[in-house]
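Quick note: the coordinates plus some simple rules give every number you see, no bench work behind them. Remember, it's a predicted structure, so these values are computed and weren't measured experimentally. Positions of Cβ are generated from backbone atoms using ideal geometry, with glycine treated the same way; all protein chains shown enter the neighbour counts.
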Amino acid sequence: MDPGTLPLDTLLALRFLKLGAAMLLCAGTIGAFLPRDLEDRRRAAYFLAGPGLGLSWALGFVLAWARGHSPLSGWILGALALSLVSLNVVLWATGRDGRRSGTSAALALGTLAGTLALMVWQPG
C-alpha cells in the first residue's frame, strides 16, 4: 500500500491512538515526580511513561509513513531525541530516592513540551 492511501477513518483512528499514547507518556512523566513514595513514582515511570513512549514512537512512525513523511525529517528526529531525553530524566529521577528535584521535573516536562511542539508544527 502506498503512503497516503489509508482511508480517512483509519488515519483518524491512528491519530486518536497516538494522542492517547502521548497522554499516557505525559501522565507517567508527571506521576514520576508528584507522589511522595518512590515506589509510586517508579510505577508511573515504568508502567505509564515507558509504554507511552513506545506506543507514541510506533504510532508516530506509522502515521509518518501514512502521510508520506520521511522518518529522517528534522522534526521527527528532533522529537525522537527530545522524547528520549525526557524519558531518561524520568528513569534517572526514579532510579534512586533523593533524585527528584524541580530541575529534573522541569527538564523532563520541558523536553516533552518541545517534543509536542515539533509534532504539532512539524517545522522544516
Note to self: Below 8 Å, C-alpha to C-alpha, sequence gap of six or more: please give me the relative contact order for segment 1-67 in percent.
What the structure shows: 45
Check: How much FRET efficiency would the formula 1/(1 + (r/R0)^6) give for residue 9 and residue 117, where r is the Cβ-Cβ distance and R0 is 30 Å, rounded to 0.05?
Finding: 0.60
Checklist line | Angle in degrees between helix 74-95 and the longest Cα principal axis of the chain, rounded to the nearest 10 | finding: 20
Check: Any idea what angle helix 8-31 forms with the longest principal axis of the chain, computed on alpha-carbon atoms, 0 to 90 degrees, nearest 10?
Finding: 10
Checklist line | Within segment 1-102, trypsin sites (Lys or Arg not before Pro) in DSSP loop having at most 11 other beta-carbon neighbours inside 10 Å | finding: 36, 96
Note to self: If I fit a long axis through the Cα atoms of helix 102-121 and take the longest principal axis of the Cα atoms of the chain, what angle between them do I get, 0 to 90°, rounded to 10?
What the structure shows: 10
Check: In percent, how large is the relative contact order of segment 8-121, given Cα pairs closer than 8 Å and 6 or more residues apart?
Finding: 28
Notebook entry, point to check: Net charge near residue 24, counting Lys/Arg +1 and Asp/Glu -1 over other residues with Cβ under 14 Å of its Cβ?
Noted result: +2
Check: Taking the Cα centre of the chain as the origin, how large is its charge dipole in debye, to the nearest 20, when only Lys and Arg (+1) and Asp and Glu (-1) carry charge on their Cβ atoms?
Finding: 280
Next item on the list: With volume of the Cα convex hull per residue in Å³ in mind, check [x] 142; [y] 110; [z] 91 and report the label derived from this structure.
Entry: [z]
